[in-house]
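Bear in mind that the values in this text are calculations on the coordinates, not laboratory data. Quick caveat: nothing in here was measured; it's all calculated off a predicted structure. So basically every Cβ, Gly included, is an ideal-geometry build from the backbone, and we count neighbours across all protein chains shown.
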Amino acid sequence: MLVRVRSGAQLSGAEQEFVACLRSYPTTGLAMIDLEADNRRIDAVVWTPRGLTVLEVHGFERRQSGILSIPADGPWKISDAPVQLDDLGSGSPSARVEHGIYAVKHMLERSLQDPGHISGAVVLIPFRGAVVRPSRTTLRPGLDVVVGNVADATELRIYLEGFSAGPRNWTADRVIGACNALGLADLVPPRTELIDAGFEENVPEATTTIARQPKPRVEPTPGVATRQQAYAGWTVVAVAVVGMVLVLGVIATALAHDSAQQAPAADTTTISPTPSPPPHRPAECWPFQPNC
């Protein structure tokens, strides 16, 4: 990354550590350190091909390690201890970076340049060996808090490489124009150096998608069934036939089941009753008739 420091700038130890981080990144970008916009001192402004961010850099008065918590209202803390930052000046770090964003945007718009969306971040530089987590916290969309130093610079590099997801609109000429509008004409690198660093010479053309012509819709002829309608008709007939077969099968199964469940026939063996003797009728006997 290209880094330019204003002549005569008196950088604190944290700011010198921050500059060392930027110079170690193989990222396409231009960082302007210690500039003034609308009578306001700004620690750093960084351009990448995809965006512009304003940074407020702060170190610590003493070694602090732990969990960083940033409430919406109230002091920042590390493991329940107040964060002791150096060179706070007036206002909170988030308020100062927001004021810096407004100042840069106002100067660019006053010079008839469209700055687009400008991001911002508070960069905390702890003592080497101190660990502060999380390394990145979002205060609101477009405004973050990033922790990093030379020994632990990964999250800061990730932020600088991805703080803007827009197209590559910041070309070499546009960066030079913005630097001139901010009064940095004596610090801006030559156009060829910016292009060699990775900035586009011209805005890349947006990829266009050729729309395929839709197939013409064939209107059905009145009175003539289309293929889809014929398929639908045969499908209905087939479903009806299958349904009838299933119903007949169910009926036949029910009849067979009922026949099997009928009671067995009664025994047809009959017992013949003993015939009763004929009634006794006395025979008429005649005198001297034998067997009488």
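Just to confirm a number: summing +1 for Lys and Arg and -1 for Asp and Glu over residues other than residue 68 whose beta-carbon lies under 9 angstrom from that of residue 68, what do you get?
Charge balance near residue 68 sits at +2.
Suppose every K and R has +1 on its Cβ and every D and E has -1 on its Cβ; what is the size of the dipole of the range 2-197 about the Cα centre, in Debye to the nearest 20?
240
Along Cα→Cβ, 7 Å out, is where each label goes; now give me the distance between the ones at residue 169 and residue 202 in nm to one decimal.
The two pseudo-label positions are separated by 1.9 nm.
Compute the length gained on full extension between residue 25 and residue 252: take 0.36 nm times their separation in residues and subtract their Cα-Cα distance, giving the result in nm to one decimal.
Residue separation times 0.36 nm, minus the Cα-Cα distance, leaves 73.2 nm.
Per the Cauchy relation, a quarter of the hull surface: what is the mean projected area of the convex hull of the alpha carbons in the range 2-197, in nm²?
10.4
Put a dot 7 Å past each Cα toward the Cβ at residue 86 and residue 12; how far apart are the dots in nm?
Between residue 12 and residue 86, the label points sit 0.6 nm apart.
What distance in nm separates the simple spin-label points at residue 180 and residue 63, each placed 7 Å from Cα in the Cβ direction?
Going by the 7 Å Cα→Cβ label model, 5.0 nm.
With a 10 Å Cβ neighbour count serving as the proxy for reagent exposure, in which order, fewest first, do 47, 76 appear?
Starting with the residue having the fewest Cβ neighbours, the order is 76, 47.
By how many nm would the segment from residue 151 to residue 229 grow when fully extended, if each residue of separation counts as 0.36 nm and the alpha-carbon distance is taken off?
So the chain would gain 20.8 nm between residue 151 and residue 229.
Using Cβ contacts closer than 10 Å as the measure, can you line up 6, 41 from fewest to most?
Ordered from fewest to most neighbouring Cβ atoms within 10 Å, 6, 41 come out as 41, 6.
How do 68, 246, 124 rank when sorted from fewest to most other Cβ atoms within 10 Å of their own Cβ?
In order of increasing Cβ crowding within 10 Å: 246, 68, 124.
Cα centroids of the range 18-40 and the range 130-153: how far apart, whole angstrom?
Cα centroid of the range 18-40 versus Cα centroid of the range 130-153: 17 Å apart.
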